[in-house]
1. Check each of the trypsin sites (Lys or Arg not before Pro) in the stretch 48-143 and keep only those in coil by DSSP with at most 15 other C-beta atoms within 10 angstrom; list them in order.
2. Ranked from highest to lowest mean number of other Cβ atoms within 10 Å per residue, what is the order of the peptides 210-221, 82-93?
3. Using a Cα-Cα cut-off of under 20 Å, which aspartates and glutamates could be cross-linked to Lys385, ignoring same-chain neighbours fewer than 8 residues away?
4. Can you give the FRET efficiency to the nearest 0.05 for Glu117 and Asn276, using r as the Cβ-Cβ distance and R₀ = 51 Å?
5. Set the bar at 24 Å for Cα to Cα. Now go through Lys202/Lys381; Lys3/Lys339; Lys173/Lys329; Lys339/Lys413 and name every pair that lies beyond it.
6. Going by amide H atoms built from the backbone, whose H comes under 5 Å of the H on Asp131, apart from near neighbours?
7. Given only helices, namely DSSP H runs of n ≥ 4 each adding -39500 (n - 2.57), what is the per-residue ellipticity at 222 nm of the chain, to the nearest 500 deg cm²/dmol?
8. Going by alpha carbons, how many degrees (0 to 90, nearest 10) lie between the helix axis of 404-422 and the longest principal axis of the chain?
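Each reported figure results from applying straightforward, stated rules to the coordinates on display, with no laboratory input. These numbers come from a predicted model, not from an experiment. Positions of Cβ are backbone-derived with ideal geometry, glycine not excepted, and every protein chain shown enters the neighbour counts.
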Amino acid sequence: MEKALVVGAGLVGSLQAVLLAKKGHQVDVYDRRGDIRDVDFIGGRSINLALSNRGWKALELAGVAEEIKEISIPMTGRKMHAVNGDITYQAYGQEGEAIYSVPRGELNRKLILKAAEYENVNLHFDKKCTDIDVKTGDVAFLDSKTGVEYNVNASQIYGTDGAFSAVRARLQKTDRFNYSQEYLRHGYKELIIPPNEDGSHKMDKNALHIWPRGEFMLIALANMDGSFTVTLFFPFEGETSFASLDTDEKILAFFEETFPDALAVMPTLLKDYHENPSASLVIIRCDPWNYEDKVLLMGDSAHAIVPFYGQGMNSGFEDCSEWWRLAEKHGDNWAAMFKEFSQERKPNGDAIADLALQNYIEMRDLVGDEMFLLRKKIEKKIYSKYPDKWVPLYSMVTFSHTRYADALAIGKKQEKIMDPIMARADIIQNWDSEEVEQAILSQL
């Protein structure tokens, strides 16, 4: 039985541990954090994530999908909140398609519990990775409780320890390893819309709520306890920014002017605003994602992205299902498997990073725009009539398993088709005409 070492027991690491165990490996999982198995996340508040088809596929492979559905809330579309209180609804996909709001902490806990069910999985918490010998497979850990440092040896080392990965940091010292990081000038802050007194939600729980305002936006996802986790995406500096909102009066005046209907259901705004930190957003790219047949990077360790397509977790989970597919293909030939994994996943990691950044502009600037909504209405019509010829970019990314790189390329082609269509002087009056439909079909 080959020994596999997973560094990082977050979402991707705990899921990968389950898949490794199912393949018969002896698995040791190390995490610098404490054990969260006894933490009760349900009933509390948590950062929410959007789970879609790519993520569900990996969870099904791990045999945990049904458990996760029990803590997930389906969202069939987005609701855009205008400053004047008007709300516009846009379905995400076709009838029956939805993304799911799931609490990060409870999802992580359930995946760790699933991994712990396997006799060939050992979990080690409060252990910080301090060094790796990529040639021998020796990994050094520091026990944060005892202060003792010790080495562990493994045949394979999986780096699933997040955007600021210790495993990746060691690979950066190897020859011809490329790495880049880019911070957005925008950050985010978590806020709360509490439940009604009877525990019900104050807004439609089956929609992702967006308050698009150009340079910034607010979003809200429902929790199981009736609350919403609200996220403000906002510049760090500038005339209207985290830096400029430096008094309670300025914070309240800003929300009253910019998000009045949200403010009306946020009684703890000032407390939440001051207690919750303003966090940064970073994009990380690297290449290759492996070192020979010894080390493999997965999830944010390899491709941290901004959260605006709801694909950070889903792309990490897809790493796991693609690992499974390639393990089936290559068997014990880990050199071939790791190499193909890196070559296949790298361009897709880059593509979803680009798509996520592109979608931020769409969400904050365009989702409330009438011409943008008309464009989506036309695309949806073509999709419903000719699904073999046209699938909207969002549906390709969210509701299919189309490679991210292919979806990006197809999306660019669709954009070239739609731009002149939307520039027609008569498009508002004749968007539903046979002429417009044929003009689109003639280019497919």
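1. Of the trypsin sites (Lys or Arg not before Pro), the ones in loops of the stretch 48-143 whose Cβ has at most 15 other Cβ atoms within 10 Å are Lys135.
2. Working: 210-221: 21.0, 82-93: 13.8.
Result, highest mean Cβ count within 10 Å first: 210-221, 82-93.
3. Glu95, Glu97, Glu415, Asp432, Glu434, Glu435, Glu437
4. Efficiency, from the Cβ-Cβ distance: 0.90.
5. On the way: Lys202/Lys381 32 Å; Lys3/Lys339 19 Å; Lys173/Lys329 31 Å; Lys339/Lys413 30 Å.
The answer is Lys202/Lys381; Lys173/Lys329; Lys339/Lys413.
6. So Asp131 has HN proximity to Ala140.
7. Values: 16 runs with 173 residues, N = 444.
So the helix-based figure for the chain works out to -11500 deg cm²/dmol.
8. On a 0 to 90 degree scale, this one is about 10.
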